[in-house]
Every structure is written in structure tokens, then in C-alpha cells.
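The values are calculated or read from the model by the stated rules, or taken from the named source; none is laboratory data. All values reported here derive from a predicted model rather than from experimental measurement. Every residue, glycine among them, receives a Cβ derived from its backbone with ideal geometry; neighbour counts consider all protein chains shown.
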Amino acid sequence: MTRQTALRLRRAARLIVLDPEIRALMFRFDVPGRPPFWVTAGGECDPGESFEDAARRELFEETGITADPGPQIARMTPQFVTVEGEAVQADERFFLVRVAEAEIDTSRHTALEQALMTQHRWFTLAELENWPEAVFPVNLADMIRSAIAT
């Protein structure tokens with residue numbers, strides 16, 4: 001009989017960054033052996049770090065933007081394999097950030113991010129729904145519509 005071990009809990013803050021045209025900032029990951037995929041800015045919380053503090057830190061590190069992440073607008077708990085190859089149980093909290101301009105500074109990316117995060121671009125909601133490569137979370141356009149309607 002095979003014993004199943006519990007997956008490590010990976011707490012993460014995700015940032016839905018919107019420009020004035022309601023376009024969402026996404027980063028493309030090219031991981032060897034996997035199809036390319038696009039994700040929002042964000043990443044794992046440091047030990048003892050709140051989701052809000054992680055959101056602030058990740059926003060600055062990945063985009064160069066200094067801003068208050070605002071309230072949490074969604075939570076997801078997917079299981080997935082990280083870019084390092086570890087299967088995890090995620091606890092992802094999503095924060096909406098509106099920015100005045102679309103300029104992004106990626107100079108603070110880690111070596112791993114520099115190797116795997118090969119592109120970034122701003123997506124319209126229609127593009128998010130119809131992009132030929134995987135976009136995570138898959139319901140991002142609906143999440144944005146719900147958040148901006150309130």
C-alpha cells in the first residue's frame with residue numbers, strides 16, 4: 001500500500017495589476033519540459049509574512065511599483081507543481097492594484113525569475129479569455145469584472 005504524504009502549504013500573494021485601460025499585467029513563464037503559461041505578478045509569502053505584506057513586497061520586486069495592494073478580492077486553493085518541480089497545496093490571495101501608467105521595471109527579479117519569466121505584457125479582458133497559451137487563474141477576466149463592478 002502506498003502512503004500519500006501531505007503536500008506543503010504554499011502561501012502566496014497574487015497581484016492583479018490593472019492599467020487605466022483595464023488591461024491586466026501578466027508574466028509569461030517558459031519552464032523546461034512544460035508548455036508556456038502566463039500568470040499575474042506575485043509569489044510566495046516569506047515565513048511569518050502576512051499576505052498583504054507579501055503583496056506589497058512582490059509588487060515592488062516584480063514590477064517596480066510601490067503601492068498599497070488594497071483589499072483581498074479573491075482566494076484560491078489549487079494544487080500545482082511549482083517551477084522548481086515541487087507539488088504543493090496553494091493558498092493564494094488575490095489583490096487588485098490600479099496603476100496610472102503601464103511602465104514596468106523587472107530589474108529586481110531573482111535569477112530564477114530572470115531565467116523563466118521571459119516576457120510581460122498587458123492583456124485586455126478579451127485576450128485573457130481567448131489567449132492560445134495557458135493563463136492562470138483561468139477565470140481571471142471574470143475576477144476582474146467582478147472586482148471593478150463593485
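A few notes on this one:
- Index of the failed condition, residue 28 passing every other in (1) farther than 17 Å from residue 137 by Cβ; (2) in contact with a Lys or Arg (Cβ under 9 Å, 6 or more places away or on another chain); (3) among the basic types (Lys, Arg): (1)
- Helices (runs of 4 or more DSSP H) wholly inside region 90-150 containing at least 1 residues that are of a type in the set (Ser, Thr, Tyr) and within 24 Å of residue 68 (Cβ to Cβ): 140-149
- Checking each residue in region 60-89 for being in a loop (DSSP other than H, G, I, E, B), exposed (fewer than 14 other Cβ atoms within 10 Å of the Cβ) and without any contact (Cβ under 8 Å) to a residue 60 or more places away in the chain picks out 64, 66, 68, 71, 77, 78, 84, 85.
- Any hit, region 27-48, residues being hydroxyl-bearing (Ser, Thr, Tyr) and without any contact (Cβ under 8 Å) to a residue 60 or more places away in the chain: no
- Here residue 68 fulfils each of the conditions (1) modelled with pLDDT of 95 or more; (2) in contact with a helix residue (DSSP H, G or I) (Cβ under 9 Å, 6 or more places away or on another chain) apart from (1).
- Out of 32, 20, sole residue that is over 20 Å from residue 121 (Cβ atoms), in a loop (DSSP other than H, G, I, E, B) and over 16 Å from the mean Cα position of the chain (by Cα): 32
- Failed item in (1) surrounded by fewer than 19 Cβ atoms within 10 Å (Cβ to Cβ); (2) closer than 25 Å to residue 139 by Cβ; (3) of a type in the set (Gly, Ala, Ser); (4) free of Cβ contacts under 8 Å to residues at least 60 places away in the same chain, with residue 111 passing the rest: (2)
- Set 52, 44: member being modelled with pLDDT of 95 or more, farther than 20 Å from residue 145 by Cα, surrounded by 13 or more Cβ atoms within 10 Å (Cβ to Cβ) and out of contact with any helix residue (DSSP H, G or I) (no Cβ under 8 Å at 6 or more places or on another chain): 52
- Scanning region 130-150 for residues that are of a type outside the set (A, V, I, L, M, F, W, C) and over 16 Å from the mean Cα position of the chain (by Cα) gives 130, 132, 145, 146, 150.
- When region 19-41 is filtered for residues that are more than 17 Å from residue 86 (Cβ to Cβ) and surrounded by fewer than 20 Cβ atoms within 10 Å (Cβ to Cβ), the ones remaining, listed by number, are 19, 20, 21, 22, 23, 28, 30, 35, 36.
- Only one of 129, 103, 92 that is within 21 Å of residue 61 (Cα to Cα) and without any contact (Cβ under 8 Å) to a residue 60 or more places away in the chain: 103
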